[in-house]
Structure formats: structure tokens, C-alpha cells
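Q: Mind looking over this structure? Questions follow.
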Amino acid sequence: MPPIAVEPIIMDAQGSERPPTEPNRRRNYELYDYQFPVEGSPKYAVADPTNPLRVPHFSVQDVACWVFAGRVSWLRHQLKGKPWKPIKGATRTTPLLLKGKRLKFRQVVGGRGGERRFTLPDIERLAWALYERNDIDGYDLQRICRILAAVADQYKAHRKEGE
């Protein structure tokens, strides 16, 4: 596996509202949900109102194509914990874990059980979980983090050192 030369964009556990203090760590971007406005459109009402949907947010199709540069079926398999190329007769599933905790994503109400939506911090968590599970390599992780940093920059959700 190639070495990683990128720092995580987010450094907190899922659901945390305050960034941790790590004075020895140098970071260019820190993405947290609270840095983005809450989605106001009734079309995107979330199934769990305690976990609001933020702007920007993206569908599984969008994330699979423009972030992971892959097929939607590949990402859906990953989210279900199924191996992409299963071994004959194997039924093993591996849930998406990040630092030992299972990832959960927001669902919007409507349709058949709702549609999954990803905020930028959700996508970053997903990328790190896929990396920890060896489903993407360090180069893919670097590329994904650069994409997320660019989008965060467009939304002015970044901090420079000393801020």
C-alpha cells in the first residue's frame, strides 16, 4: 500500500460538533457539519430530525461518479458491506467501520424507504473507512481528499492555521 501524504479533513467522531484540539497536528482543512448551512428544502427532509442534512449534499450516484470515479453498483456494494468480487461460495460481509465505529448516513424521507444523502464530511468519513478496509488505496484517498477540499473551498468552509 502506498504511503499517505494527506491529513484527514475531519478529525472528529461522527456526530461531534466541536473539533478536537491537537496543537501538534498541521491541517489545511477541517470539515465539520456545523460549518455548512442546514438544508431548508422540504424535498430533503431527513428521516432522523436529530441529524440534520447540510448543504451541499449528494446522492449515491453523484458520489460514486465524481468522487470515487467508479460505478454506482460498486459503491452500493461497499455501503452494504459486500465484497465487490466475491469468492465463490463466500457470503461474508464487512460493515463500513471508521476507527471501530459503524458509519451511518442520512436518509431523506420519501420513495421506497428514503434516499441516502452524503454531506462533505460524510464523504470524507466514507473514503477513510474504505481505505481502512483496503477497498481503495492511498492514491485514491489523496485524490478524493483534494476533491473534497476544493468543494469545501467553494463553500468557504476551511480554516487557515491560526484562525
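Rule-based calculations on the coordinates, nothing more; no lab input. Because the structure is a prediction, the values reported are computed rather than measured. All Cβ positions, glycine included, derive from the backbone under ideal geometry; neighbour counts span all protein chains shown.
Q: Calculate the spin-label point distance for Asp153 paired with Ser59, positioning each point 7 Å from the Cα along the beta-carbon direction, and give it in nanometres.
A: 2.9
Q: Further question: For the pair Tyr34 and Lys104, how long in nm is the line joining their label points, each one 7 Å along Cα→Cβ?
A: Each label point is offset 7 Å from its Cα along the Cβ direction, giving 2.0 nm.
Q: Would you kindly derive the ³J(HN,Hα) couplings of the stretch 128-141 from the backbone phi angles with the Karplus curve 6.51 cos²θ - 1.76 cosθ + 1.60 (θ = phi - 60°), listing them in order in whole Hz, with x for Gly and Pro?
A: For the stretch 128-141, the Karplus curve yields 5, 5, 5, 5, 4, 8, 6, 8, 10, 9, x, 5, 5, 4 Hz.
Q: Order of 67-75, 139-147, 115-123, 45-53 by packing, highest average Cβ count within 10 Å first?
A: Highest to lowest by the protection proxy: 115-123, 139-147, 67-75, 45-53.
Q: Per residue of the stretch 41-57, in order, report the coupling 6.51 cos²θ - 1.76 cosθ + 1.60 (Karplus, θ = phi - 60°) as ³J(HN,Hα) in whole Hz, putting x for Gly and Pro.
A: After applying 6.51 cos²θ - 1.76 cosθ + 1.60, I find 6, x, 4, 10, 5, 8, 5, 10, x, 6, 10, x, 8, 10, 9, x, 9 Hz.
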